[in-house]
Every structure is written in C-alpha cells, then in structure tokens.
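A short worksheet on the structure shown next.
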Amino acid sequence: MDSIDKLLSELKAEYQKPANYPSKRTEEVEKLKLDSSPLDSSLFTSPSAKKDVIDNVLSQVKQDFEQKQLLEEQQKQQQLEEERIRQEKLKVKELEGLKKQAQEWLNKLEPLSPEGLWFEGFAKSYNSQLEAAIEYLQAE
C-alpha cells in the first residue's frame, strides 16, 4: 500500500505545481513562436501565385498519371502479344503432332479397302493426301 500512496502523492504534487512554472504546453507554444520566421513567405503569396502553384502541381500529377497509364497499356499490349505468340507456337506444335499422326494413318491405310477408296475421293478436294488426312483425323 505504501507504493500506491507514494505514487498518488507524486501525481498530486505534479498537478499542484505553482502557477509561475510554465506548463509543457506553454513551452511548446513558445518554442513554435521562436522557430517560425517572422516573414513567412506563404503569408505574402498572392492568390494568383497560389493558383499557379496548384495548377502546376495538378498538371504534374496529371502528367504522371498519363505516363503511368501509358506504361500499363504498353505492358498489357506486350502481354497480349506474348500470349498470341505462345498460342501460335502451341498451334504449330499441335499441327506437327497431327501431321505425324496423319502420316502414320496414311501408311497403314489400304488403298483398295472401302476406307481407302472413300478416302481417295475425299482427298481430291485437298492439295495433298496428308492435308486431307489431317482434316479427316481432326473431324473424328
């Protein structure tokens, strides 16, 4: 209990300081008065000069925003182009696989079998039998 009483008496003494001691808040105000220059230039700036400064800042913000937007658009276009190239490579790879599969199918096809005779008629409208076989296998 003695420690609580001691703490209470310290707090009471702190709040009952004589009035001639400046409070901490008063000290802060005095320090601010000393720190600020008596001829603060912002006090003498005309409204039109302030407007010009604001316009310049807004113009810079707008320019920065437009540059950022342009950069994002360029990055988006680059990503789209990369995706298009990836898709084309994938199609070429699939086509190569289909060509191989179609060539194997043609090698196994009996020309005089019903399927072989049908395929011969089917392939007449294509530039090559391989091209016709690819189309036929894709449709299956």
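Miscellaneous remarks
- Filter result for K68 (surrounded by 10 or more Cβ atoms within 10 Å (Cβ to Cβ), under 17 Å from the mean Cα position of the chain (by Cα), of a type in the set (K, R) and in a helix (DSSP H, G or I)): yes
- Any pair with Cβ under 9 angstrom, 6 or more apart, that starts in the range 126-140 at a residue that is without any contact (Cβ under 8 Å) to a residue 12 or more places away in the chain and ends at one that is not in a helix (DSSP H, G or I): E135/Y126
Here, each number is a calculation from the coordinates, and none is a lab measurement. Please read all numbers here as calculations on a predicted model, not as lab measurements. Ideal geometry is used to build each Cβ from the backbone, glycine not excepted, and the neighbour counts take in all protein chains shown.
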